[in-house]
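Read through the structure below, which is laid out as structure tokens, and then see the notes.
What follows draws every value from the coordinates through simple rules; no lab data is involved. All values derive from a computational prediction rather than experimental measurement. Virtual Cβ from ideal backbone geometry, glycine too; neighbours counted across all protein chains shown.
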Amino acid sequence: MNVESEYNAKFEQLCNGIPNNKYIFEITKLCGYGEFLTIYKKQTPLDLYKTVSIQFECKDIKELYFINNCTNEKIRLPITDEITIWQFMFNNNSGSTQIIKPVYPIPCKIVYRIYFDDGHTHGNTVCESKSTI
């Protein structure tokens, strides 16, 4: 196996293994701009806030939240390290109805959308991504 084939095989293995122990979230700003982010299922909501802060270069996150697919209400992620992301997502469900549904249809990997309020208002302007160096 050549170096490029070895790299491609390992990279594919990495990508295919993500859903086993990580969630894929589409972190979406209120203006509609979004990026994928992965986080271990055993990490905490506080870890997620920190990761979003780093990825979006934002030191002052107002809130992160899901939208309940059944009621359209906000489900705010608490800033805590006392529960895991997995516990939060699946202990918030009442009954057997999954209130947080994946964004993309099968056969896509499961991706959940989290809304990210950074306190900025964008009016009618398009939100820009963070600058790259």
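In this Cβ point-charge picture (+1 for Lys and Arg, -1 for Asp and Glu), region 19-117 has a dipole of about 240 debye about its Cα centre. A cut-off of 5 Å between modelled amide H atoms, ignoring neighbours fewer than 5 places along the same chain, links LYS101 with ASN69. Label sites at ILE67 and ASN8, each approximated as a point 7 angstrom past Cα along Cα to Cβ, lie 3.9 nm apart.
Modelled this way, with points 7 Å down the Cα-to-C-beta line, the labels at LYS42 and ASN91 are 1.7 nm from one another. Listed by Cβ neighbour count within 10 Å, with the fewest neighbours leading, SER5, SER53 appear as SER5, SER53.
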